[in-house]
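So the structure is just underneath, and the comments pick up after that.
Readers should treat all values here as calculations from the given coordinates under stated rules, not as data from a laboratory. Note that this is a predicted model, so its numbers are computed, not measured. Positions of Cβ are backbone-derived with ideal geometry, glycine not excepted, and every protein chain shown enters the neighbour counts.
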Amino acid sequence: MANKYEEELIKKAGFCKEKCPICTRARKGNRLARAFVKYVDRKICPYCKAYERIYGKKAYE
């Protein structure tokens with residue numbers, strides 16, 4: 001059974017994967033969104049960090 005910290009990470013990663021307006025556009029190929037996530041957002045956003053930790057790839061990939 002996952003502890004509370006892991007459950008929260010999974011929930012945040014799911015938001016980034018399915019609902020985040022910037023990250024979803026970056027993964028679809030929008031160059032401006034991709035650049036923003038690559039150079040700014042993934043360094044400060046807890047959802048992007050959780051996505052990278054859970055799925056093992058960058059939030060814009």
*Work out the charge dipole of the range 4-55 with +1 on the Cβ of Lys and Arg and -1 on the Cβ of Asp and Glu about the Cα centre, then indicate which of ASN30, VAL40, ALA13 is farthest towards its positive end.*
ASN30
*Given C-alpha coordinates of the range 4-55, what is the ratio Rg to Rh with the Kirkwood estimate of Rh?*
0.98
*What is the extension gain from ASN30 to TYR55, computed as 0.36 nm multiplied by their sequence separation minus the C-alpha to C-alpha distance, in nm to one decimal?*
6.9 nm
_Just to be sure I follow the rule: in the chain, considering lysines 8 or more places apart or on different chains, how many pairs have Cα atoms under 17 Å apart?_
29
*Dipole in debye (nearest 20) - the chain, about Cα centre, beta carbon charges: Lys, Arg +1; Asp, Glu -1*: 320 debye
